[in-house]
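*Asks:* Structure provided below as structure tokens; questions to follow.
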Amino acid sequence: MSTPHAAGRVSKPEWMCKMCFERVFNRSVMTAILLTSALSACDSPHSGMEESTGIDAVSTGGGSSSTGIEEQDPELVDLLTLEEPIPTGSTTVRADVVAVLTPPSNSSWGTLRETVYCNPGAYAVGYEMRVEGSQGNGDDTALNAIRLLCRSKSDFTMETVTSHEGMWGEWRGFAMCWGGVNDWLNSAHIKSEPSQGSGDDTGANSAEFRCSQSGMLLAAPGGGQWGSWREWKTCPVGSAICGITSRFEEWSKNQDDTGMNGMNLHCCSL
């Protein structure tokens, strides 16, 4: 039987001030698609648009750099909607995989689930977390799933992929690279909690990613409040994240549940 987390462990919403962009693209994944398409037009030599340096990248600990992306008008974004759902990726192993990253975690409960890849020619540009909020005196699981947002290099088609949907919590909104059409996810680390003995275990609580070109640190909203951050793992030069395998503990009914505990990230050659 699980027990609640000890009194005095208050929420520290470290992610709240990290992403000024969330008010734009967290409204829907479709918004992210449209903004990325606009970004590609800005990068085109035939677009006829002036280069902009309107938004600064999120600090990565060594200052900030300009992403060169003009901020979108939220009212305009509201008018741009798509009816078609975003397709999912593929479980077929990609021929261009060059490395598999396993960001360290303080917990290892559960099993590795199905590996899911962005479709060939596509790479991850953003991510979203499914997180269960604090249950008070109930059983906390915190991070339950991670969903990658992938974009094709050739035609800017977008898709989402996830290895396991999780069981508890809500999807909290995307964080996305904004440094240009060649800005991909290439690094990640995990915030996780070690075994609490007779207390309530939560496993993984949150994850952060970095972008290859801009160096932006992405912190999707909603991360859990317990645990500590572990070391970063980075794809080899010339590659980017293209797939994910989640480690998830199955529902134990009347036992202590933890949800997601770790992940493998697959890097594909660019």
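*Asks:* All but one of (1) surrounded by fewer than 19 Cβ atoms within 10 Å (Cβ to Cβ); (2) under 19 Å from the mean Cα position of the chain (by Cα); (3) under 27 Å from G197 (Cβ atoms) hold for G136; which doesn't?
*Replies:* (2)
*Asks:* Can you pull out the residues in the range 148-162 that are on the phi < 0 side of the Ramachandran plot and surrounded by fewer than 24 Cβ atoms within 10 Å (Cβ to Cβ)? Break it down into steps so the answer makes sense when it comes.
*Replies:* First, pick out the residues of the range 148-162 that are on the phi < 0 side of the Ramachandran plot: 148-155, 157-162.
Correct list: S152, K153, S154, D155, T157, M158, E159, T160, T162.
Results for (1) touching a Gly at 6+ places or on another chain (Cβ under 9 Å); (2) assigned to a loop (DSSP other than H, G, I, E, B); (3) under 20 Å from H266 (Cβ atoms); (4) in contact (Cβ under 8 Å) with a residue 24 or more places away in the chain, shown as yes or no for each residue.
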residue	(1), (2), (3), (4)
T92	no, yes, yes, yes
P104	yes, yes, yes, yes
E114	no, yes, yes, yes
L149	yes, no, yes, yes
K191	yes, no, no, yes
P194	yes, yes, no, yes
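*Asks:* Right, S163: in contact with a Lys or Arg (Cβ under 8 Å, 6 or more places away or on another chain), closer than 21 Å to L217 by Cβ and either modelled with pLDDT under 95 or part of a loop (DSSP other than H, G, I, E, B) (or both) or not? Before you say what the answer is, go through the steps one by one.
*Replies:* Details: in contact with a Lys or Arg (Cβ under 8 Å, 6 or more places away or on another chain): yes; closer than 21 Å to L217 by Cβ: no; either modelled with pLDDT under 95 or part of a loop (DSSP other than H, G, I, E, B) (or both): yes.
Here the answer is no, as S163 does not meet what is asked.
*Asks:* Only one residue in S269, S198, S246 is in contact with an Asp or Glu (Cβ under 6 Å, 6 or more places away or on another chain) and either surrounded by fewer than 19 Cβ atoms within 10 Å (Cβ to Cβ) or at pLDDT 95 or above (or both), so which one is that? Quick ask: steps written out before the conclusion?
*Replies:* Details: S198 fails: in contact with an Asp or Glu (Cβ under 6 Å, 6 or more places away or on another chain); S246 fails: in contact with an Asp or Glu (Cβ under 6 Å, 6 or more places away or on another chain).
Only one candidate passes the filter, namely S269.
*Asks:* The conditions are (1) outside any loop (DSSP other than H, G, I, E, B); (2) at positive phi, and C242 fails exactly one of them. Which is it?
*Replies:* Of the numbered conditions (1) outside any loop (DSSP other than H, G, I, E, B); (2) at positive phi, the odd one out for C242 is (2).
*Asks:* Something else now. For the range 196-234, give me each residue that is aliphatic (A, V, I, L, M), assigned to a loop (DSSP other than H, G, I, E, B) and under 25 Å from E250 (Cβ atoms). Spell out the reasoning first.
*Replies:* Taking the range 196-234 and keeping what is aliphatic (A, V, I, L, M), we get 204, 207, 216-220.
Still in the running and assigned to a loop (DSSP other than H, G, I, E, B): 216, 219-220.
If the condition is that a residue be aliphatic (A, V, I, L, M), assigned to a loop (DSSP other than H, G, I, E, B) and under 25 Å from E250 (Cβ atoms), then A220 is the only one that fits.
*Asks:* What do you reckon, is W232 of a type outside the set (D, E, K, R) and touching a strand residue (DSSP E or B) at 6+ places or on another chain (Cβ under 6 Å)? I'd like the intermediate steps shown before the answer.
*Replies:* Working: of a type outside the set (D, E, K, R): yes; touching a strand residue (DSSP E or B) at 6+ places or on another chain (Cβ under 6 Å): yes.
Yes, satisfied.
The values are calculated or read from the model by the stated rules, or taken from the named source; none is laboratory data. All values derive from a computational prediction rather than experimental measurement. Here the Cβ is made from the backbone with ideal geometry for all residues, glycine too, and neighbour counts use every protein chain on show.
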